[in-house]
Amino acid sequence: MYDIIGDIHGHAAELRQLLQKLGYTEQHGTYRHPSRRAIFLGDFIDRGPQIRQTLQLVRAMVDDGTALAVLGNHEYNAICFHDEHPQGGHLRPHIPRTIFQHLRTLEEFSSREGWAEWQDYIGWFKTLPLFLELPGLRAVHACWDPRHIAFLRTQLPDARITPDFLLRSAQRGTPEYLAVEETLKGKEIALPTGVQFHDKDGNPRTKMRTRWWTDPRACTYQDYYLEPIEALNPLRVAVEELADGWHYQDAVPVFFGHYWLRGTPQLLSPHAVCLDYSVAKGGELVAYRWHGEQELAAAGLVRA
């Protein structure tokens, strides 16, 4: 059975507290449970105060076999920030916005010895799968769209990125880019002309992440968008204007993070739960203790 843990973002102290609450004990340098394994949903790095400690803890558990982990968008971005483009520069440009996103991580590994360690972690990130499908459950960082999952399986039989795939996925407009973008960062739709909002870093946005686990035909914009926009909140979603009206309807439980939710942790549907409750913004680190059930229950949610 599995304990699925949401975005950590360098908050190692909260992670230790949550693991202990779940009954894991530290033995010989790694956390173990007598009968369970953890699944980490990615985003181990950036923002938080203990990024190196977080990576040490998570990697030790994965290497020891007491945990599984999927790649988060912050780890994918770090790979692209690090890897050089064949035509010059890097796959992720070194511009103020991208440097700011990785600043805490870069600071923590700024020494010569630290930089060598960081390069080793970049190599380790490349071994993490983009998704996990295990008997009875699915785990992904941001969005489980079966069409993207099927495409990724044709390109990456073990769901782990290769050098050629990485290069294609960093090029806007390619099928690889779209599959990785939505799997690791979620689905977005364009806001009406003239409407925008500012994200958690203060950047203006004209596209909005959507609740892909919700049927848009039964929604107002407040129900379907992940940020409240006063002018739109009471309006019904114009489904005919959506490029993709798909939503998750499978009976297999899917666990994901990424969305910086706030408030009391809760299920999103009987078969979908987000476990990112903004620990890096004063929120909580959250897990779901899964016992094999097909329909999820709120009692499974555990807070650090």
* To do: Could you point to the label whose value was computed as semi-axes √(5λ) of the Cα gyration tensor in Å for the structure here, given [x] 42, 24, 15; [y] 28, 25, 19; [z] 46, 24, 16?
  => [y]
* Enumerate the calculated ³J(HN,Hα) couplings along region 16-26 in order (Karplus 6.51 cos²θ - 1.76 cosθ + 1.60, θ = phi - 60°), each rounded to whole Hz, writing x wherever the residue is Gly or Pro. => 4, 4, 5, 4, 5, 5, 7, x, 8, 10, 7
* **Point-to-point label distance, Glu117-Ala251, nm (Cα→Cβ direction, 7 Å offset)** => 4.8 nm
* Looking at the chain, send over the antiparallel percent of its DSSP beta bridges, to the nearest 5. => 70 percent
* Structure fact -> GNM on the chain, Cα springs under 10 Å; top mean-square fluctuation among Lys207, Lys187, Lys126 goes to Lys207
* To do: Using only alpha carbon pairs under 8 Å that are at least six residues apart, calculate the relative contact order of the chain and give it in whole percent.
  => 20 percent
* Fluctuation leader among Pro49, Pro204, Pro175 - the chain, Gaussian network, Cα springs under 10 angstrom -> Pro204
* **Taking region 188-243 and dividing mean pair separation by its residue count, relative contact order in percent (alpha carbons under 8 Å, at least six apart)** => 28 percent
* To do: With a 10 Å radius around each residue's Cβ, average the other Cβ atoms per peptide and rank 215-221, 4-10, 77-83, 67-73, highest first.
  => 4-10, 67-73, 77-83, 215-221
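Where a number appears in this text, it was derived from the coordinates with a stated rule and is not lab data. Bear in mind that the values here come from a model prediction, so they are computed numbers and not experimental data. FYI the Cβ positions are ideal-geometry reconstructions off the backbone, even for glycines, and counts take in every protein chain you see.
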